[in-house]
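Heads up, the thing below is written out as structure tokens.
Coordinate-derived values only; no laboratory data. Worth saying up front: this structure is predicted, and the values here are computed from it rather than measured. Ideal geometry is used to build each Cβ from the backbone, glycine not excepted, and the neighbour counts take in all protein chains shown.
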Amino acid sequence: MKTTISTILLALAPACINAQDADDYLESIRNNSAALTAFFSAMPKGGDLHHHYSGSIYTETYVNRVINNNYYINRHSCIVVKDTTGQGGGFVKFAVLGDSLPYYRQQLMQKWSVKDYNNVSYPSDKQFFETFSYFKVTSNDSLRPGLQELKNRAVKENVSYIETMFTGIPCNISMAEMSKYAVELRNAQNERDEAKTQQILGDIYTWLQTQDVKRYAESFNSNLVALHKNAGMDDERFTMRYQNYVVRVRDPLTVFRSLVVAFESADKSPLVVGVNIVAPENDETSMNDYWLHMQMYKFCHEKYSQVEYAMHAGELVLGMVQPEELTWHISEAVYTAGAKRIGHGVDIPYETNAYQLLNYMAKNKIAVEINLVSNEFILNVKKDRHPISLYKQFGVPIVISTDDAGVLRSNMTEQYVLLAKRYPDIKYGDIKRFVFNSINYSFIEEDAVKEKLRKDLKKRFREFEQEIADLSKH
Ligand SMILES: [Zn+2]
């Protein structure tokens, strides 16, 4: 058959018309949260790229597990432990709680998540971050059913990929021999002496190589392969990949040791696709050592240039820290540490040379991971105080993600509902682009896997748009 412009247009027409129908329909329900929920529940949502494993498991799972395993609970503080050795008095087994068990179940639900939080009696950022220290007693148990819970929930709400910040890698290399460097690193940081800092990191790195640091990465990687396979994570509907992470509130030597192990692991395993940095950015140590952490990333990037990474940066707000601290975190993560994606990026309007930074991110395709529900709860940043429209205006690639749907008692659909409800300048075509970004800007290493997800997403959108087009005819 002879191909003419008109036959091409004809072939494309139904898809375009259906996309237009979806756009029209979305505009007609903009201000109706229930209708938006139905729309976005059905819409394919691609990947969730800013996702913490332990914060995404719903609290019911953790609470049921500690009750079923008959751990100990302190009846006054509601702290749960596996073993009472060295814990002081006041602990009883769940089994002896009898009729008061429902009361304690409710207490744990409220303490281990944002359930029933009243916005008054306790700071929301503390409420959020402290949950992790409470459910830590069980969050590393039963990883297989945990991963399956996340996959099942994702499949049900039409999410086809998760890139989860899974865990820190256990490593017990003693850093005592390197202790003199801890002071030297902090001194170099105080002087912002980049050459000196890189040289010290080089010395520590060389020493770490003599301590068999690779062995910790290899053992983690082989356990992960087995877990991933046994849990049946990848199939035609769903794919899972993992980011290692380091905790930014530790001393510099521990952070650097963890970072080297994390990069070693990511360098060797196609399942581990990134290395993130977690814990509250406004913590005293996080703030003091932020510059140093960026130097550590810069160092590791030179050693492991194939490893990609997203970083939490700019999860700060005026009033939480001193104003000058809002001016440089994202810039350092982008320019010095070489982050490929920025997690949150909420304080960008306060950055020195913010326009230049936004242009740089757009030009170099450094995506921003937007977490609307999380930002509203932890930072109280919402509506036009949130910089999402600024990122969009400058053409920075945007992805929509959940952060910690379990602790926040949210899901992927709710992120899109808020997005459409609060930002009328963001049209259906933009939203669809954000969804495709979540595959295009993922760190999946195998080209074939990425391509398969992209194709699958196109198919899902065709079906979704057809469904909406049919709806409009009724
Ligand atoms: Zn996060």
List the relative contact order of the chain as a percent without decimals, with contacts defined as Cα pairs under 8 Å and 6+ residues apart.
21 percent
For the stretch 66-139, what class follows from the C-alpha gyration tensor (a ≥ b ≥ c being the square roots of its eigenvalues): rounded when a/c is under 1.5, otherwise prolate if a/b is larger than b/c, else oblate?
prolate
Which Rg and Dmax, in Å, describe the Cα atoms of the chain?
23.4, 85
Expressed as an acute angle from 0 to 90° and rounded to the nearest 10, what is the orientation of the C-alpha long axis of helix 354-363 relative to the principal long axis of the chain?
70 degrees
Mind putting a number on the dipole of the chain about its Cα centre? Charges go on the C-beta only, +1 for Lys and Arg and -1 for Asp and Glu, and I need it in Debye to the nearest 20.
960 debye
Cα-based helix-to-principal-axis angle, 101-111 vs the chain, degrees rounded to 10
80 degrees
When DSSP beta bridges are limited to those with both residues in the chain, what percentage is antiparallel, rounded to the nearest 5?
15 percent
Within a Cβ distance under 9 Å of Arg422, other residues only, what is the Lys/Arg minus Asp/Glu net charge?
+2
What is the distance, in nm, between label points placed 7 Å from the Cα along the Cα-to-Cβ direction at Asp212 and at Asn288?
3.4 nm
Stretch Lys473-Ala15 to full length: gain in nm at 0.36 nm per residue minus the Cα-Cα span?
163.3 nm
Sorted by chain and number, the residues with a modelled amide H under 5 Å from that of Ile277, at a separation of 5 or more or across chains, are Val246, His312
For the pairs Lys156/Lys421; Lys268/Lys459; Lys45/Lys427; Lys229/Lys455, flag any whose C-alpha to C-alpha distance is greater than 25 Å.
Lys268/Lys459
In degrees between 0 and 90, to the nearest 10, how far off the longest principal axis of the chain does helix 59-68 point, with axes built from Cα atoms?
50 degrees
Whole-angstrom gap from the stretch 22-65 to the stretch 234-276, using each part's C-alpha centre
26 Å
Going 7 Å from the Cα of Gln107 in the Cα-to-Cβ direction, what parts of the stretch 46-77 have a backbone nitrogen less than 11 Å from that spot?
73-77
Of His344, Trp328, Tyr309, whose Cα points farthest to the positive end of the dipole of the stretch 308-350 (charges on the beta-carbon: +1 Lys, Arg; -1 Asp, Glu; origin at the Cα centre)?
Tyr309
Among Lys196/Lys365; Lys392/Lys452; Lys392/Lys432, the pairs whose Cα-Cα distance exceeds 25 Å are Lys196/Lys365; Lys392/Lys452
Using 0.36 nm times the number of residues separating Asn364 and Glu324, minus their current alpha carbon distance, what extension gain do you get?
11.8 nm
Rounded to whole Å, give me the distance from the Cα center of the stretch 443-474 to that of the stretch 383-437.
18 Å
